[in-house]
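The values are calculated or read from the model by the stated rules, or taken from the named source; none is laboratory data. What you see is a predicted model; the values in this text were computed from it and never measured. Note that each Cβ is placed from the backbone with ideal geometry, even for glycine, and that neighbours are counted across all protein chains shown. Please note that ligands, DNA and RNA were not included when accessible areas were found on the heavy atoms of the full protein model with its side chains. Shrake-Rupley method; radii C 1.70, N 1.55, O 1.52, S 1.80 Å.
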Amino acid sequence: SDAGRIGSQDLPDEVFDELWRLYLEGIEPIARSGKLGVLLFQFPKWFPRSRTNMDYLVRLRSRLPREYPMAVEFRNRSWMESDRHTRDTLRFLRQEELIHVVVDEPQGY
């Protein structure tokens, strides 16, 4: 259920922009020290492969300085459910300079 869930689309632009400003300000000392490896964005199972979600990833990438590597982990199988989706998803990730992360872990924890 989506009851009680607030997404970025539910926030006024100025609030979303301020949250990003605070986030980037918070990680800047890590980047300045040379200890920022990669920023991992994990997406829940309700984040399927769609043009809207791909556009969202492009917007996220555009908010980060280019020297900050951005990785994505998809938890919805639609991103890789067929050979064509896998090819298209990987092509999109390369084009947008996004790192694809796959976590191998025991299920049920």
Would you tally the residues in the stretch 29-58 being of a type in the set (D, E, K, R) and either surrounded by 13 or more Cβ atoms within 10 Å (Cβ to Cβ) or within 13 Å of P69 (Cα to Cα) (or both)?
2
Would you point out which residue out of V102, V72 is among the aliphatic types (A, V, I, L, M) and open to solvent by less than 40 Å² (accessible area, probe 1.4 Å)?
V72
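Can you tell me which residue among E25, E67 is modelled with pLDDT of 95 or more and either over 16 Å from the mean Cα position of the chain (by Cα) or acidic (D, E) (or both)? Before you say what the answer is, go through the steps one by one.
Numbers: E67 fails: modelled with pLDDT of 95 or more.
Result: E25 is the single residue among E25, E67 that is modelled with pLDDT of 95 or more and either over 16 Å from the mean Cα position of the chain (by Cα) or acidic (D, E) (or both).
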Residue count, the stretch 1-29, condition in a loop (DSSP other than H, G, I, E, B) and among the hydrophobic types (A, V, I, L, M, F, W, C), comes to 3
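Which ones in the stretch 30-53 are aliphatic (A, V, I, L, M), under 13 Å from the mean Cα position of the chain (by Cα) and either part of a loop (DSSP other than H, G, I, E, B) or closer than 16 Å to E81 by Cα (or both)?
Start the filter on the stretch 30-53 by keeping residues that are aliphatic (A, V, I, L, M), which leaves 30-31, 36, 38-40.
Among the residues that remain, those that are also under 13 Å from the mean Cα position of the chain (by Cα) are: 38-40.
Matches in the stretch 30-53: V38 only.
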